Amino acid sequence: MKVKRVLRRLGISALALLGLLLVVGVYQFLSFGRAAASVYDVEPLQIVATNDSAALERGRHLAESIGGCLGCHGPDLGGALVEDIGPIGLMHAPNITTGGAGADYSDGELARAIRHGIDSDGRSLLYMPTPEYNWWPDDDLIAVVSFVRSMPPVQSVNDAATVRPLGKLLNQFGVMQLLSAQTVEHDAAPEAVPAPEPTARYGAFIARGCIGCHGEQMSGGRIPGAPSSLAIPANLTAHDSGLGSWTKADFVTTLQTGVRPDGRRLDPFMPIGSTQAMNEIEMDALWAYLRSVEPLEFGNR
Ligand code: HEC
Ligand code: HEC
């Protein structure tokens, strides 16, 4: 008798809870749609592509290494499937040559897409890791825009990136940030970025490209909200559960080959294609930075 009553009470409150969750869910779902459709008041940048060979070379280097553009958009920038993240969405990077989406962008709009995560219509892009390079000084931004413009047009169908229902909810609850334009301050003053140098100070800027996976504190652990099929980022701090026993040579070799000192090949989710293309100054700067952060136990993100 008593058990039945308790069950009934629980049944009713479970139903009420379900109803409440549904209302919250639908509300958040709709507000994602609103955020995705809103137009940002950010002008295209005053930047024009050049065919200066030093700028093009610098642009290619950045696009291959710390920018990771080729890693996602493909070696010819003709578009590629980066990752099917199950219920979160489909991360498909479009063709950004003039044979594809690149044709819809002026140079200034392309620069705005890179620095602000905003498309040619002024709306937020999806999945673009904008905080990883919105610190680039103007010269570097011009270099990358020039490099993108120098690539031959690729004729390919531009599959769209999509965010699925769980991804929308995770974005709205602040677990994952999938609307690129929401990840940066659009009217912030330019940061004081040193010229490339093998120091922790410069390394901290490059390491912004590692945060999305290895965490703000660099101590790794499962990416919040990520499905269990996704490899778990390692601890990069000098803790015993991280790179404590690694030498700089171990670090450099691993980033160049994708193979750890113990012979294990890293999961392809770790973007070795980008780290491989880093130059000596960038490697030295990253190592100096990782040795300067607090050694934390694995999983403190
Ligand atoms: C982690 C993968 C990733 C990296 C790294 C990346 N992109 Fe993207 N990019 C994407 C995805 C996914 C989209 C599709 C966004 C959308 O549909 O809203 C995109 C969209 C774009 C667009 C807009 C295309 C359109 O259809 O309107 C441009 C331009 C662009 N990226 C340029 C770059 C450049 C230049 C770099 C390097 C500085 C870069 N991206 C790095 C994943 C990436
Ligand atoms: C897209 C996600 C992602 C990004 C971005 C990323 N990593 Fe990783 N990284 C991983 C994953 C996942 C692993 C673990 C792979 C495995 O265990 O097979 C890993 C492993 C490593 C390892 C091996 C450590 C060990 O103990 O095995 C090093 C070193 C490393 N990453 C450095 C970096 C650096 C430096 C950056 C930034 C320049 C970076 N990673 C950016 C996902 C990422």
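The values are calculated or read from the model by the stated rules, or taken from the named source; none is laboratory data. Computed from a predicted model, the values in this text were never measured in an experiment. Cβ atoms come from the backbone with ideal geometry, glycine included; neighbour counts cover every protein chain shown.
Residue-wise test of (1) surrounded by 14 or more Cβ atoms within 10 Å (Cβ to Cβ); (2) of a type in the set (Gly, Ala, Ser); (3) at pLDDT 95 or above.
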{"position": "152", "(1), (2), (3)": "no, no, yes"}
{"position": "160", "(1), (2), (3)": "no, yes, no"}
{"position": "167", "(1), (2), (3)": "yes, yes, no"}
{"position": "172", "(1), (2), (3)": "yes, no, no"}
{"position": "192", "(1), (2), (3)": "no, yes, no"}
{"position": "236", "(1), (2), (3)": "yes, no, yes"}
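If I ask for residues that are part of a helix (DSSP H, G or I), more than 25 Å from residue 206 (Cα to Cα) and of a type in the set (Gly, Ala, Ser), which ones from the range 66-122 would you list?
Pass one, the range 66-122, residues part of a helix (DSSP H, G or I): 69-73, 101-104, 107-116.
Of the ones still in play, those that are also more than 25 Å from residue 206 (Cα to Cα) are 101-104.
Selection gives 101, 102, 103.
What do you reckon, is residue 286 assigned to a helix (DSSP H, G or I) and either in contact with an Asp or Glu (Cβ under 9 Å, 6 or more places away or on another chain) or surrounded by 19 or more Cβ atoms within 10 Å (Cβ to Cβ) (or both)? Steps first, answer last, please.
Values: assigned to a helix (DSSP H, G or I): yes; either in contact with an Asp or Glu (Cβ under 9 Å, 6 or more places away or on another chain) or surrounded by 19 or more Cβ atoms within 10 Å (Cβ to Cβ) (or both): yes.
Spelling it out, residue 286 is indeed assigned to a helix (DSSP H, G or I) and either in contact with an Asp or Glu (Cβ under 9 Å, 6 or more places away or on another chain) or surrounded by 19 or more Cβ atoms within 10 Å (Cβ to Cβ) (or both).
Just give me the residues in the range 86-109 being farther than 20 Å from residue 273 by Cα and either touching a residue at least 60 places away in the same chain (Cβ under 8 Å) or within 15 Å of ligand 2 (Cβ to nearest atom) (or both), in sequence order.
Residues satisfying the conditions are 86, 87, 88, 89, 90, 106, 107, 108, 109.
In the range 238-282, how many are assigned to a helix (DSSP H, G or I) and near ligand 2 (Cβ under 9 Å from one of its atoms)?
From the range 238-282, those assigned to a helix (DSSP H, G or I) are 248-257, 272-276, 280-282; that's our starting set.
With the extra rule that they be near ligand 2 (Cβ under 9 Å from one of its atoms), the set shrinks to 250-251, 254-255, 272, 274-275, 282.
Of the residues in that region, 8 qualify.
Regarding the range 113-122, can at least one residue be identified that is acidic (Asp, Glu), assigned by TED's automatic domain parsing to the domain that holds residue 179, more than 15 Å from residue 159 (Cα to Cα) and more than 8 Å from ligand 1 (Cβ to nearest atom)?
Keep residues of the range 113-122 that are acidic (Asp, Glu), which gives 119, 121.
Still in the running and assigned by TED's automatic domain parsing to the domain that holds residue 179: 119, 121.
Subset that is more than 15 Å from residue 159 (Cα to Cα): 119, 121.
In the following step, the residues that additionally are more than 8 Å from ligand 1 (Cβ to nearest atom) were identified as 121.
Within the range 113-122, one or more residues are acidic (Asp, Glu), assigned by TED's automatic domain parsing to the domain that holds residue 179, more than 15 Å from residue 159 (Cα to Cα) and more than 8 Å from ligand 1 (Cβ to nearest atom).
Anything in the range 11-55 that is more than 26 Å from residue 125 (Cβ to Cβ), exposed (fewer than 10 other Cβ atoms within 10 Å of the Cβ) and touching a residue at least 60 places away in the same chain (Cβ under 8 Å)? List them, or say none.
Listed by number, the list holds a single entry, 51.
Which members of the range 249-301 meet the condition of being of a type in the set (D, E, K, R) and either free of Cβ contacts under 8 Å to residues at least 24 places away in the same chain or under 13 Å from residue 65 (Cα atoms) (or both)? Let's see the steps before the verdict.
As a first pass, look at the range 249-301 and keep what is of a type in the set (D, E, K, R): 250, 260, 262, 264-265, 267, 280, 282, 284, 291, 294, 297, 301.
Answer for the range 249-301, where residues must be of a type in the set (D, E, K, R) and either free of Cβ contacts under 8 Å to residues at least 24 places away in the same chain or under 13 Å from residue 65 (Cα atoms) (or both): 250, 260, 262, 264, 265, 280, 282.
Is at least one residue of the range 86-106 among the aromatic types (Phe, Trp, Tyr) and surrounded by fewer than 20 Cβ atoms within 10 Å (Cβ to Cβ)? Don't jump to the end; show me each part of the working.
Residues of the range 86-106 that are among the aromatic types (Phe, Trp, Tyr), as a first pass: 105.
Narrowing further to those that are surrounded by fewer than 20 Cβ atoms within 10 Å (Cβ to Cβ): none.
No: the range 86-106 contains no residue that is among the aromatic types (Phe, Trp, Tyr) and surrounded by fewer than 20 Cβ atoms within 10 Å (Cβ to Cβ).
Considering only residues that are of a type outside the set (A, V, I, L, M, F, W, C) and without any contact (Cβ under 8 Å) to a residue 24 or more places away in the chain, which ones fall in the range 58-73? Please lay out each step first, then the result.
Of all residues in the range 58-73, those of a type outside the set (A, V, I, L, M, F, W, C) come to 58-61, 64-65, 67-68, 71, 73.
73 - this is the single residue of the range 58-73 that is of a type outside the set (A, V, I, L, M, F, W, C) and without any contact (Cβ under 8 Å) to a residue 24 or more places away in the chain.
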